[in-house]
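Worksheet for the structure shown next.
The values are calculated or read from the model by the stated rules, or taken from the named source; none is laboratory data. No experiment lies behind these values; they were computed from the predicted model shown. Don't worry about glycine lacking a Cβ; one is built from the backbone with ideal geometry, like all the others, and counts go over all protein chains shown. The area values use the complete protein model at the heavy-atom level, side chains included, leaving out ligands, DNA and RNA. Shrake-Rupley method; radii C 1.70, N 1.55, O 1.52, S 1.80 Å.
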Amino acid sequence: MKIGELAKTTAIPVETIRYYEKIGLLPEPDRDNSGYRSYRIAHLDRLLFIKRCRNLDMAQDEIRELIQLAEQPEADCSEVDALLARHLNHVRERLKELASLEETLEQLQEACTDGRTVRECGILGGLSTELETPEPEDRHNHVPGTHGTRQN
């Protein structure tokens, strides 16, 4: 199938499919005589796997590691379990961060009362104060390497 059909079938944009090829998550397809990419069922299966992993908020490095592990069907699955445990810990940390964020937003919203001008706005005043407060150094979001290094 051509890239447009693959994109439509998976609901993944063409640009994203090309990006996954570029970074090696998706193997490059064969090309037909006209130079168009020609995708097989294996590409469709891989894209759907990647999509499911992304829906679980997994990082590209985690997906890459899972793909490598999946290519060793006779190997012990403890590494897969360890990867998922690291990801679950990351999700739990993010939930704590989001709960803290919710609390901060609620406090800011409580600072707003009717009848004030923008100059007197408690929310804007609170945000100005917050902007002067440095972020903790150990704060991290979902970027490569945030789940720790793979243990061999």
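Given Arg64, Arg46, Arg31, which one is at pLDDT 95 or above and open to solvent by 60 Å² or more (accessible area, probe 1.4 Å)? Give the derivation first.
Values: Arg46 fails: open to solvent by 60 Å² or more (accessible area, probe 1.4 Å); Arg31 fails: at pLDDT 95 or above.
The conditions single out Arg64.
Condition first: without any contact (Cβ under 8 Å) to a residue 40 or more places away in the chain, in a loop (DSSP other than H, G, I, E, B) and either touching a Ser or Thr at 6+ places or on another chain (Cβ under 7 Å) or surrounded by 12 or more Cβ atoms within 10 Å (Cβ to Cβ) (or both). Now tell me which residues in segment 1-22 satisfy that.
Of everything in segment 1-22, those that are without any contact (Cβ under 8 Å) to a residue 40 or more places away in the chain, in a loop (DSSP other than H, G, I, E, B) and either touching a Ser or Thr at 6+ places or on another chain (Cβ under 7 Å) or surrounded by 12 or more Cβ atoms within 10 Å (Cβ to Cβ) (or both) turn out to be Lys2, Ile12.
Can you find a residue that is at pLDDT below 95, surrounded by fewer than 11 Cβ atoms within 10 Å (Cβ to Cβ) and not hydrophobic (A, V, I, L, M, F, W, C) anywhere in segment 83-93?
Checked segment 83-93: no residue is at pLDDT below 95, surrounded by fewer than 11 Cβ atoms within 10 Å (Cβ to Cβ) and not hydrophobic (A, V, I, L, M, F, W, C).
Can you name every residue in segment 97-152 that is modelled with pLDDT of 80 or more, open to solvent by less than 100 Å² (accessible area, probe 1.4 Å) and within 26 Å of the chain's Cα centre (by Cα)?
Across segment 97-152, the qualifying residues are Glu97, Leu98, Ala99, Ser100, Leu101, Thr104, Leu105.
Go through segment 49-61 and give me each residue that's assigned to a helix (DSSP H, G or I), touching a residue at least 24 places away in the same chain (Cβ under 8 Å) and either open to solvent by less than 70 Å² (accessible area, probe 1.4 Å) or among the basic types (Lys, Arg) (or both). Please lay out each step first, then the result.
Filtering segment 49-61 down to residues assigned to a helix (DSSP H, G or I) leaves 49-55, 60-61.
Narrowing the set further to residues that are touching a residue at least 24 places away in the same chain (Cβ under 8 Å) leaves 50-51, 60-61.
Once the filter is applied, which keeps residues that are assigned to a helix (DSSP H, G or I), touching a residue at least 24 places away in the same chain (Cβ under 8 Å) and either open to solvent by less than 70 Å² (accessible area, probe 1.4 Å) or among the basic types (Lys, Arg) (or both), segment 49-61 yields Ile50, Lys51, Gln60.
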